[in-house]
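Here's the structure we're looking at; comments come further down.
Just so you know, all these numbers are worked out from the coordinates, no wet-lab data involved. On a predicted model such as this, the values are computed, not experimentally measured, just so you know. Here the Cβ positions follow ideal geometry from the backbone for every residue, glycine too, while neighbour counts run over all protein chains shown.
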Amino acid sequence: MGEGEDETSSSAAAASAAAGVPKDPRKIARKYQLDLCKRAVEENIIVYLGTGCGKTHIAVLLMNELGHLIRKPSREVCVFLAPTIPLVRQQAIVIADSTNFKVQCYHGSGKNLRDHQAWEKEMAEYEVLVMIPRILLRNLQHCFIKMDSIVLVVFDECHHAQAQKRHPYAQIMKEVPLLF
């Protein structure tokens, strides 16, 4: 496997602490973000907004809405995909800072998670998994992660799937077409 393909955890964007005052991302949301979140609860959507308009916050709002499904001891998780390692790290920090979810990132350097049991342990511990798409694709193909354990998949920078036919986003969509 090439660099960036091994499943790994990063301590840089480690898990957010669940203790303390509950965080409510709705308090700082704009009306259009709340409206888009409501629509995303009802159906799959693509959010097309300019830079700095709060697309990540909409994803955080959606995670918050679905929180009752992913809070531990649930075995279900949210997966947030970002196409580059810097974006994985950045988005993991934003999600951890905006929620009380236990967040972990996976991007290709660090500990190896090469079997079903290792991923089961991660999914039992963390509620939001932020990763490069190649890691999710590999784990779906090897059945280390099953789609029925994923409550929500967020494709950050989803336009890459259209621009490159072999992009992991496009391959993920082909792996599980009935779910999307």
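If you add up the charges near Ile150, with Lys and Arg at +1 and Asp and Glu at -1, over every other residue whose beta carbon is less than 14 angstrom from its beta carbon, what do you get?
Numbers: positive: Arg75, Lys146; negative: Glu76, Glu120, Glu122, Glu127, Asp148, Glu175.
Here the charged neighbours net out to -4.
Pairs of Lys residues in region 25-179 that lie 8 or more places apart, or on two chains, and have C-alpha atoms under 21 angstrom apart add up to 17.
The modelled label-to-label distance between Cys143 and His159, using points 7 Å beyond Cα along the C-beta direction, is 3.9 nm. Using θ = phi - 60° in the Karplus curve 6.51 cos²θ - 1.76 cosθ + 1.60, the 3J(HN,Hα) couplings for region 49-65 round to 9, x, 4, x, 8, x, 5, 5, 5, 5, 4, 4, 4, 5, 4, 4, 4 Hz; x is entered for Gly and Pro.
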